[in-house]
Amino acid sequence: METGGVQLGRSPIQYSRCVRFFVYLCKLKTGSMKFNPRYKLRTVANEKVILVQGVAGKVKSKVVALNETSAMLWDMFQGRDFTLEEVAEALTNAFDVSPEVAQADAAAWVKQMAECHIIV
């Protein structure tokens, strides 16, 4: 629907993306997040992967490969709530990076994990 050249309606896909992004921003602000308990880290052919199951008949399943840093963070925070600040602190402690760089990297990592619904 359009009014005065402004589009009011969104497609279901656009709406879903907006909702996911809003939830992601809220989690960054409130701080409390955790890994989706439905997902388990597996080792396949020496790679750390998470199988993300799609909805039957609607969305394809996908495999998310984790690099060493993501696997380290998974091991540190699996099974408990954690905050963006804790992720940044873990990165600062594990690598020779400034707190600002760690904060930016932590935010990017959380965003990627949230987009795959791995963080709830």
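The values are calculated or read from the model by the stated rules, or taken from the named source; none is laboratory data. Predicted model only: the values in this text are computed from it and were never measured. Here the Cβ positions follow ideal geometry from the backbone for every residue, glycine too, while neighbour counts run over all protein chains shown.
Each row is one residue, and each column tells you yes or no for (1) over 14 Å from PHE35 (Cβ atoms); (2) among the aliphatic types (A, V, I, L, M).
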| position | (1), (2) |
| --- | --- |
| ILE50 | no, yes |
| VAL63 | yes, yes |
| MET72 | no, yes |
| ALA88 | yes, yes |
| PRO99 | yes, no |
| ALA104 | yes, yes |
| ALA114 | no, yes |
| ILE118 | no, yes |
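Per-residue answers, yes or no, for (1) at pLDDT 90 or above; (2) under 16 Å from VAL120 (Cβ atoms):
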site	(1), (2)
SER32	no, yes
GLY54	no, no
ARG80	yes, yes
THR83	yes, yes
GLU89	yes, no
ASP105	yes, no
Could you tell me which residue of the stretch 59-78 is surrounded by the most Cβ atoms within 10 Å (Cβ to Cβ), considering only residues that are touching a strand residue (DSSP E or B) at 6+ places or on another chain (Cβ under 8 Å) and at pLDDT below 90? VAL64
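If you check VAL97, VAL101, which single one turns out to be free of Cβ contacts under 8 Å to residues at least 12 places away in the same chain, surrounded by 13 or more Cβ atoms within 10 Å (Cβ to Cβ) and either in contact with a His (Cβ under 7 Å, 6 or more places away or on another chain) or not in a helix (DSSP H, G or I) (or both)?
VAL97
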Could we say that ASN36 is under 18 Å from VAL120 (Cβ atoms), of a type in the set (S, T, N, Q) and at pLDDT below 95 here? yes
Take the residues in the stretch 104-120 that are charged (D, E, K, R) and in contact (Cβ under 8 Å) with a residue 60 or more places away in the chain; name whichever of them is surrounded by the most Cβ atoms within 10 Å (Cβ to Cβ). LYS111
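Look at LEU28 and say whether it is modelled with pLDDT of 90 or more, within 14 Å of the chain's Cα centre (by Cα) and surrounded by 12 or more Cβ atoms within 10 Å (Cβ to Cβ). So that I can check it myself, show each step before the final result.
Numbers: modelled with pLDDT of 90 or more: no; within 14 Å of the chain's Cα centre (by Cα): yes; surrounded by 12 or more Cβ atoms within 10 Å (Cβ to Cβ): yes.
Here the answer is no, as LEU28 does not meet what is asked.
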